[in-house]
Each structure stands twice: as structure tokens, then as C-alpha cells.
Amino acid sequence: CADLARRHIALAAPKRLILFGDGPSKALLGAPLARTRGKIHKVENVRTIATFAPAHLLRTPNHKALAWRDLLLLMEEE
């Protein structure tokens, strides 16, 4: 599905992209969430971050602060 996702991203041309969880991180960034979190990436020339899945944040509320930092990083100007 990674090729299809990349195609859809290219067609939609979003300004920013958030990957929620390990699966999307592995598929589009080629590495698990543990290695991709906290950094800016480019997917189809779109500014991208990987962060925790919402279900994970419900199970592990202390990770919400880390997810918030990820979102702030994404919103910074290039």
C-alpha cells in the first residue's frame, strides 16, 4: 500500500503530513516509529512527521506530551 499512499499524497499535495503509528512510519519512511519520531522527514516533497497512534495515546497518556512536541515541530516554519 505504500506506493498507493505515495501516489495519493502526490495527487493531494498537502502542505504537511502526519503519520500515526508504526505501520505508516515503516511503510513511508522505511523505519519504525521509534527511529523516526521527533524528526522532520519528506514524503513526496511534503514536510512530514511520524508520531504515536491515537489508540496508543489512549493507552499511554504520558506520551501525549511527546506527541504534542511532534505536532509543534511539524508546525514550525521551514
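The values are calculated or read from the model by the stated rules, or taken from the named source; none is laboratory data. If you're wondering where the values come from, they're calculated on a predicted model, not measured in any experiment. Positions of Cβ are backbone-derived with ideal geometry, glycine not excepted, and every protein chain shown enters the neighbour counts. SASA here: full protein model, heavy atoms, side chains in, ligands and nucleic acids out. Shrake-Rupley method; radii C 1.70, N 1.55, O 1.52, S 1.80 Å.
Ranking of His8, His63 by solvent-accessible surface, largest first: His8, His63 (1.4 Å probe, protein heavy atoms only, all chains present). Loop-located trypsin sites (Lys or Arg not before Pro) in region 9-78 (DSSP state other than H, G, I, E, B) with a sparse environment of at most 16 neighbouring Cβ atoms within 10 Å: Lys15, Lys39. Here the contact order of region 3-44, divided by its residue count and restricted to Cα pairs under 8 Å and six or more residues apart, works out to 36 percent. For region 19-78, what is the accessible area per residue in Å² when the probe is 1.4 Å? Counting only protein heavy atoms, the per-residue value for region 19-78 is 61 Å². Give me the angle, in degrees from 0 to 90, between the Cα long axis of helix 2-12 and the longest principal axis of the Cα atoms of the chain, rounded to the nearest 10. Long axis of 2-12 versus the principal axis of the chain: about 80 degrees.
Specify the angular offset, from 0 to 90 degrees and rounded to the nearest 10, of the alpha carbon long axis of helix 64-75 from the longest principal axis of the alpha carbons in the chain. The two axes meet at around 30 degrees. Computed over the chain, relative contact order equals 28 percent, with contacts defined as Cα pairs under 8 Å that lie 6+ residues apart.
Top to bottom by accessible area (1.4 Å), largest first, where do Phe52, Phe20 land?
Per-residue accessible area, sorted high to low, gives Phe20, Phe52.
How high is the relative contact order of region 36-78, in percent, counting Cα pairs under 8 Å that sit 6 or more residues apart? Once normalised by length, the contact order is 41 percent.
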